[in-house]
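Encoded as structure tokens, the structure appears first; notes follow it.
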């Protein structure tokens with residue numbers, strides 16, 4: 001598996017979570033609110049793993065200092081800050097007394113889902129192609145192994161919670 005295949009698999013996990021979040025607003029039964037909360041409680045901490053994986057892959061000096069990649073990494077960092085801010089708001093709502101009805105959560109959750117999707121898409125369209133031009137094979141192998149290990153931990157943390165949320 002190449003490092004970009006690992007990244008693509010990681011993005012697929014987050015896209016599945018996004019799809020489930022959106023589906024909560026389509027549900028017409030009492031499970032929707034619990035399902036929404038369960039997914040958010042799994043997803044919000046899992047996004048830290050996303051940043052960890054990116055640091056592994058894109059944080060190597062021969063990649064991170066390339067001017068074309070640096071521009072895209074700065075863009076990704078701005079997106080991370082926006083998503084982190086939204087995560088903080090969502091986490092406060094999910095864990096605290098600020099939890100609202102599912103309809104009241106919609107204006108918090110859907111912009112978060114859109115920001116995360118925009119971030120994933122921007123990485124795939126801009127950062128990944130620039131990365132492919134710069135990364136050496138030996139460094140790619142090392143990063144791939146480390147990213148794969150982080151992906152495994154992400155899947156262990158998030159995938160069962162998403163599956164469990166669907167069963168409720």
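Every read-out reported here was derived from the displayed coordinates using simple, explicitly stated rules and does not represent laboratory data. Remember, it's a predicted structure, so these values are computed and weren't measured experimentally. Here the Cβ is made from the backbone with ideal geometry for all residues, glycine too, and neighbour counts use every protein chain on show.
Miscellaneous remarks
- Normalised contact order of the chain, rounded percent, pairs of Cα under 8 Å and 6 or more residues apart: 45
- The chain pair-distance distribution - Cα-Cα, 5 Å bins, rounded %: 1, 8, 18, 20, 19, 13, 9, 6, 4, 1, 0
- Translational diffusion coefficient (Stokes-Einstein; Kirkwood radius from C-alpha pairs) of the range 66-132 at 25 °C, 0.890 mPa s, in µm²/s: 185
- Between 0 and 90°, nearest 10: helix 102-122 axis offset from the chain longest Cα axis: 10
- Within a Gaussian network of the chain (alpha carbon springs, distance under 10 Å), most fluctuating of 51, 144, 74: 74
- Of 131, 72, the sequence from fewest to most neighbouring Cβ atoms within 10 angstrom is 72, 131.
- In terms of other Cβ atoms within 10 Å, 13, 6 run from fewest to most in the order 13, 6.
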